[in-house]
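Working notes, structure below.
The values are calculated or read from the model by the stated rules, or taken from the named source; none is laboratory data. Because the structure is a prediction, the values reported are computed rather than measured. Here Cβ is always computed from backbone atoms with ideal geometry, including for glycine, and neighbour counts include all displayed protein chains. When the accessible area is computed, the model is the full protein with side chains, heavy atoms only, and any ligands, DNA or RNA have been set aside. Shrake-Rupley method; radii C 1.70, N 1.55, O 1.52, S 1.80 Å.
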Amino acid sequence: MTNSSLTSKQPSNLGEQDKKKLPLKHVAIIMDGNRRWADAKKLPRFVGHREGVNSLKRLVQHVGAAGLKYLTVYAFSSENWQRSREEVQYLFDLFSKVLAEELSELCENKVKLTFIGQLDKIPTDLYNSLQKAMQVTRDNRGLNLQVALNYGSRLEITEAVKRIAVAVRSGHISPDEIDDRLIESYLYTGGMPDPEMIIRTGGEMRLSNYLLWQAAYAELYVTDVLWPDFTPEHFDEAVREFVQRERRYGGD
Ligand code: IPE
Ligand code: IPE
Ligand code: MG
């Protein structure tokens, strides 16, 4: 493969007319680098989070128009509670505000919103808004936008294991029936195709407890671009790189 597609300044090629050509169904993103973006500009850190929302809005429009079926974004990890009370509070207020502002437009664009993570530990007001948003958009047949909120992959797998154990104990399933398809169906993402590509902005070469099971064969794409600077053109560049990759799944 060549890397020329990464560096060349080709125009965006994922417009409406190219819908059928999109070579993947599910992209997952680790939206990282908001605070570094703000620090570099000598702005308060919350401005980085606020600008990060604009990046997401642009991207949702773009991938929706390009016909992507699933976009999963990491908005708040189960480890992010370790941040200051002020930052955590700011983020939850921001999520509430954005949801209230964007819900009708998301609906118009036929976006189906799903939140994945340990949602019952989220403050009640936000939790109620999340449930309402999922209810209102459940029949939409456009982009499936999954937002990972209070999400941690190990916790997701642990909860799945516990529920499988209960099902075995009650006789609903036998241990012999436990295979990767059954386990997958117990995850928050049950029924969805695995992401073919994970994009991480902000340059860190790690998964940070994101979709550990689902990413088993995902192509990893890390860019130094900080999330508030990430544009649809950057996304298209990642897709072009994806197309160049040789996926082998352990074979020759
Ligand atoms: C990602 O940006 C957003 C969240 C984790 C909520 P960060 O807040 O991690 O910003 P950096 O990585 O410290 O720059
Ligand atoms: C991952 O970013 C979580 C989100 C993007 C929401 P972090 O900034 O929390 O991850 P680490 O601390 O760099 O591993
Ligand atoms: Mg970070």
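Give the Rg/Rh ratio for segment 19-98, taking Rg as the radius of gyration of the Cα atoms and Rh as the Kirkwood radius, to two decimals. On the Cα set of segment 19-98, Rg over Rh gives 1.04. For the peptides 240-247, 29-36, 86-93, 216-223, residues were scored by their other Cβ atoms within 10 Å and the scores averaged per peptide; the highest-first order is 29-36, 216-223, 86-93, 240-247. Of the accessible area of the chain, computed with a 1.4 Å probe over protein heavy atoms only, carbon and sulfur atoms account for 51 percent. Estimate the FRET efficiency between LYS162 and LYS69 by the formula 1/(1 + (r/R0)^6), using the beta-carbon distance for r and 22 Å for R0, to the nearest 0.05. Result of the calculation: an efficiency of 0.15.
Name the shape class, rounded, prolate or oblate, that the alpha-carbon gyration tensor gives for segment 108-152, where a ≥ b ≥ c are the square roots of its eigenvalues, rounded holds for a/c under 1.5, and otherwise prolate holds if a/b is larger than b/c and oblate otherwise. Since a/c reaches 1.5 but b/c is at least a/b, the shape of segment 108-152 is classed as oblate. Its Kirkwood hydrodynamic radius, worked out from the mean inverse distance over all distinct Cα pairs, puts segment 77-135 at 12.4 Å. Across all directions, the shadow cast by the convex hull of segment 208-252 built on its C-alpha atoms averages 4.3 square nanometres. Entry note: segment 101-196 has Rg to Rh equal to 1.04, where both radii use alpha-carbon atoms and Rh is the Kirkwood radius.
Across the protein chains, with a 1.4 Å probe defining accessible surface, the residues TRP227, TRP81, TRP213 rank TRP81, TRP213, TRP227 from largest area downward.
Normalised per residue, the accessible area of the chain is 55 Å², obtained with a 1.4 Å probe and no contribution from ligands, DNA or RNA. The equivalent ellipsoid of segment 153-211 has semi-axes of 29, 12, 8 Å, largest first, where each one is the square root of 5 times an eigenvalue of the Cα gyration tensor. Could you tell me which of rounded, prolate or oblate describes segment 61-107, using a ≥ b ≥ c as the square roots of the eigenvalues of the alpha-carbon gyration tensor, with rounded for a/c under 1.5 and, failing that, prolate when a/b is larger than b/c and oblate otherwise? Verdict is oblate for segment 61-107. The residue list PHE115, TYR217, GLN89 was ranked by how far each Cα lies along the charge dipole of the chain toward its positive end, using unit charges on Cβ atoms, and GLN89 comes out on top.
Taking amide H atoms as placed 1.01 Å from N in the peptide plane, the amide H of LYS112 lies under 5 Å from those of GLY142, LEU143, ASN144, LEU145, each 5 or more residues away in sequence or on another chain. Scattering from the chain was approximated by placing one identical point on each alpha carbon and applying the Debye formula without solvent; log10 I(q)/I(0) at 0.12, 0.14 1/Å stands at -0.75, -1.02.
Of the residues ALA238, TYR249, TYR186, the one whose Cα sits farthest towards the positive end of the charge dipole of segment 91-249 is TYR186 (charges of +1 on Lys and Arg Cβ, -1 on Asp and Glu Cβ, taken about the Cα centre).
Computed packing ranks the peptides 72-78, 126-132, 178-184 as 72-78, 126-132, 178-184, most packed first, by mean other Cβ atoms within 10 Å. The percentage of C-alpha pairs in segment 122-252 whose separation is greater than 22 Å is 54%.
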